[in-house]
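Notes follow once the structure below has been shown.
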Amino acid sequence: MIKKILQFKIYQKGLLISIAVAIMAIFLSKLIHFNTATTAILLGLLVGNIFYNKFHGKDSQYKSGIKFAEKDLLMFAIALMGINLNFTMLASLGFTTLFLIIIAMGFTIFMGIIIGKFFGLNKKLSLMLGIGNAVCGSSAIAATSGIAKVNNNDIAISIVLVNLMGTIGIFLVPFLATQLGFNDIQGGILVGNTLQAVGQAVAAGFSISNEAGHYATVVKMGRVLMIAPVVFILIYLAKQESKKNEIIKENTKVPFPTFILWFLLFSTFASFEILSKEIEHFISISSHYIALIAMSAIGLMIHFGTIIKTGGTAFKVSAIIFTMQLIFTSIVLKFS
């Protein structure tokens, strides 16, 4: 990473266009009141296809910088995101709620794979839709896509659709909680255990009540903390798959994602309050904007044709996964 930063001149053009798209996405998302990560990807997709040859051509001077942004900067942003997570939150959840989070995550990921297979969706896109819905949306997809070796098109489709489900859920889940007769605590848990982004969970939770908002936020952050275990499980499965296919060679070994160690380190800083609140806030804001640059770069490298080809089926799969996720958590809460 440091070596690549020192070679800034090579990446300059692609990095600058990614930053420009990210800045435009920030302002545009405020106008249309839409998720900034999704806006960055869609705007990047539009710009990247209008000037397709400039960004995708064989001799493109932008490609190396865009690839640097979409991979290296994204991993850096995820590492910094750890500053938002306090491990002491797990203790406040209680065993029963923590157990619900874990089994609901496993159920959602499993259903993603099964439903995707039923609709003929490729396995990696199905996995990303499952993980995105199960854990924490864009961040979980970004953190696991490299290990699963998912291509940019599938990363973008999954991020856009998972965020879309979450946006719908801001209005749908509180309504569902009310119709099912849930109290504020149950409503907050339902929101926190099903919506994808922290902002979505907070907005939906507090629309029910202050108490529901508190529980939604804590449960949601508990799900976010599950990024690390999910990454380690995927590493293990990837290694087992390599052994099974007898393809372990020096250049095919599953690399250990060092960014997850930095993610855990920053989480430790937050948990033990090692850094001042001002520094924590600066790191948190930095991670958000760096991630937006990476999302813009992902959008810039996608071709419209691929989105059109798989988008419709992926939407159906994503909607069914989200529906099953809601049904599962609702049933557990109703009869627990």
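The values are calculated or read from the model by the stated rules, or taken from the named source; none is laboratory data. All figures in this text were calculated on a predicted structure; none of them were measured in a lab. Neighbour counts are summed over all protein chains in view; Cβ atoms, including those assigned to glycine, are modelled from backbone coordinates with ideal geometry.
Restrict the check to the stretch 278-288 and report whether at least one residue is in contact with a Leu (Cβ under 6 Å, 6 or more places away or on another chain) and of a type outside the set (Ser, Thr, Tyr). The answer is yes; a qualifying residue exists.
I'd like the residue in the stretch 112-143 that is surrounded by fewer than 24 Cβ atoms within 10 Å (Cβ to Cβ), in a helix (DSSP H, G or I) and not charged (D, E, K, R) and, out of all such residues, is farthest from the chain's Cα centre (by Cα). Let's see the steps before the verdict.
Going through the stretch 112-143, the residues surrounded by fewer than 24 Cβ atoms within 10 Å (Cβ to Cβ) turn out to be 113-115, 117-124, 127.
Going one step further and asking which of them are in a helix (DSSP H, G or I), we end up with 113-115, 117-118, 123-124, 127.
Still in the running and not charged (D, E, K, R): 113-115, 118, 127.
On the way: Ile113: 17, Ile114: 20, Ile115: 20, Phe118: 24, Leu127: 12 Å.
Here the residue is Phe118.
Just one residue in the set Gly205, Gly222, Gly199 is at pLDDT 90 or above and either closer than 25 Å to His288 by Cβ or out of contact with any Leu (no Cβ under 8 Å at 6 or more places or on another chain) (or both); that residue is Gly205. For the stretch 1-29, the set of residues classified as within 21 Å of the chain's Cα centre (by Cα) and either modelled with pLDDT under 90 or closer than 22 Å to Asp59 by Cβ (or both) consists of Ser18, Val21, listed by residue number. Within the stretch 271-298, restricting attention to residues that are among the small types (Gly, Ala, Ser) and modelled with pLDDT of 90 or more, the residue that is surrounded by the fewest Cβ atoms within 10 Å (Cβ to Cβ) is Ser276.
For the stretch 269-307, a tally of residues being assigned to a helix (DSSP H, G or I), in contact with a helix residue (DSSP H, G or I) (Cβ under 8 Å, 6 or more places away or on another chain) and farther than 22 Å from Ile19 by Cβ returns 7. Residues of the stretch 87-106 include none that is in contact (Cβ under 8 Å) with a residue 40 or more places away in the chain, surrounded by 21 or more Cβ atoms within 10 Å (Cβ to Cβ), over 18 Å from Val230 (Cβ atoms) and in contact with a helix residue (DSSP H, G or I) (Cβ under 6 Å, 6 or more places away or on another chain). Of all residues in the stretch 206-225, those satisfying the criterion of being in contact (Cβ under 8 Å) with a residue 12 or more places away in the chain, farther than 25 Å from Ala142 by Cα and not aliphatic (A, V, I, L, M) are Ser207, Ser209, Glu211, Gly213, His214, Tyr215. Considering only the stretch 54-64, how many residues are part of a helix (DSSP H, G or I) and either in contact (Cβ under 8 Å) with a residue 40 or more places away in the chain or more than 29 Å from the chain's Cα centre (by Cα) (or both)? Residues flagged as part of a helix (DSSP H, G or I) and either in contact (Cβ under 8 Å) with a residue 40 or more places away in the chain or more than 29 Å from the chain's Cα centre (by Cα) (or both) within the stretch 54-64 amount to 4.
Quickly run through the stretch 176-196 and pick out the residues that are farther than 16 Å from Thr96 by Cβ and in contact with a Leu (Cβ under 6 Å, 6 or more places away or on another chain). Spell out how you get there, then give the answer.
Initial filter on the stretch 176-196 (farther than 16 Å from Thr96 by Cβ): 176-181, 184, 187, 191, 194-196.
Answer for the stretch 176-196, where residues must be farther than 16 Å from Thr96 by Cβ and in contact with a Leu (Cβ under 6 Å, 6 or more places away or on another chain): Ala177, Thr194.
The listed residues are Phe232, Phe315, and the only one of them that is at pLDDT below 90 and either under 21 Å from Ile141 (Cα atoms) or part of a loop (DSSP other than H, G, I, E, B) (or both) turns out to be Phe232.
Among residues of the stretch 15-37 that are more than 19 Å from Val160 (Cβ to Cβ), none has a beta-carbon under 8 Å from a residue that is buried (at least 19 other Cβ atoms within 10 Å of the Cβ) and of a type in the set (Asp, Glu) at least six positions away or on a different chain.
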